[in-house]
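The values are calculated or read from the model by the stated rules, or taken from the named source; none is laboratory data. Quantities reported herein were computed from a predicted structural model and do not represent experimental measurements. In this analysis, Cβ positions are derived from the backbone assuming ideal geometry, glycine residues included, and neighbour counts consider all displayed protein chains.
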Amino acid sequence: MLTAGIKAPHFVLTDQHGHAVNLADFLGERVVLCFFDKYTDLACSFRDVFAEFKARGVVVLGITTDDVTANREFAYQHRLPFKLLADTNWAAITAYDVWKKKAAPNRQSWGVSRAIFVIDQEGIIRKVFEKPRAFACAQYVLSELKF
C-alpha cells in the first residue's frame, strides 16, 4: 500500500455517468480517494457527510472494480452524490497497491482492500487510511483534514 508523502499515481477512469475522470484535473484541490469493495456502509458514510466535504472544497472520488453500469446502479440505489469510478482493468487499484489476497475460512481470494487516500492540492498523498471501518469513517476522515 502506498504511504503518505509520495506523489499520487495518475489515472483516468470512467465515472457512473460515462464521463472520463482524470486525477490530474483536480490539481489545486484536495481529494479524498476511496477504494471500495462494494462495502455499502462505507460508501454511505461518505454520502451522509458529503455536504461537509464539499463545503470544505474537498473532492470525493470512489473507485471500484465494477463496470460503469454496475456503478451507476449502485450510486443510484444508495443516492451517492460523488463520482464512482470504474476500474475494470485495475489500473488505479494496482497503482495504489490495494489489490490484496483476502483470507476467509477455508479459502483465499483476491480483491480490493478498502483504503482511503487523502491527496493535497499538489497531488501528494498526505494521509492513508487502511481497511477503514464503515460507520463514522467519513466523519473521521473529515476531522483529519488539516492541510
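For the reader, a short list of remarks on this structure follows.
- Residue in the stretch 82-96 that is out of contact with any Leu (no Cβ under 9 Å at 6 or more places or on another chain), in contact (Cβ under 8 Å) with a residue 24 or more places away in the chain, surrounded by fewer than 19 Cβ atoms within 10 Å (Cβ to Cβ) and part of a helix (DSSP H, G or I) present: no
- Selected residue [under 23 Å from Glu144 (Cβ atoms), small (Gly, Ala, Ser) and touching a Phe, Trp or Tyr at 6+ places or on another chain (Cβ under 6 Å)] from Gly5, Gly62: Gly62
- For the stretch 101-128, a residue qualifies if it is outside any strand (DSSP E or B), closer than 15 Å to Val58 by Cβ and either aromatic (Phe, Trp, Tyr) or out of contact with any Gly (no Cβ under 9 Å at 6 or more places or on another chain) (or both), and the qualifying residues are Asp120, Gly123.
- Counting the residues of the stretch 28-67 that are without any contact (Cβ under 8 Å) to a residue 60 or more places away in the chain, part of a loop (DSSP other than H, G, I, E, B) and within 17 Å of Ile119 (Cβ to Cβ) gives 1.
- Within the stretch 5-18, considering residues that are of a type in the set (Gly, Ala, Ser) and exposed (fewer than 13 other Cβ atoms within 10 Å of the Cβ), the one modelled with the lowest pLDDT: Gly5
- Taken together, Val49, Val21, Val112 contain a single residue that is surrounded by 14 or more Cβ atoms within 10 Å (Cβ to Cβ), within 12 Å of the chain's Cα centre (by Cα) and of a type outside the set (Ser, Thr, Tyr), which is Val112.
- Of all residues in the stretch 52-69, those satisfying the criterion of being crowded, with 16+ Cβ neighbours inside 10 Å and either under 25 Å from Met1 (Cβ atoms) or of a type in the set (Ser, Thr, Tyr) (or both) are Phe53, Val58, Val59, Val60, Leu61, Gly62, Ile63, Thr64, Thr65, Asp66.
- Where Lys101 falls short, out of the listed (1) farther than 21 Å from Asp120 by Cα; (2) at pLDDT 95 or above: (2)
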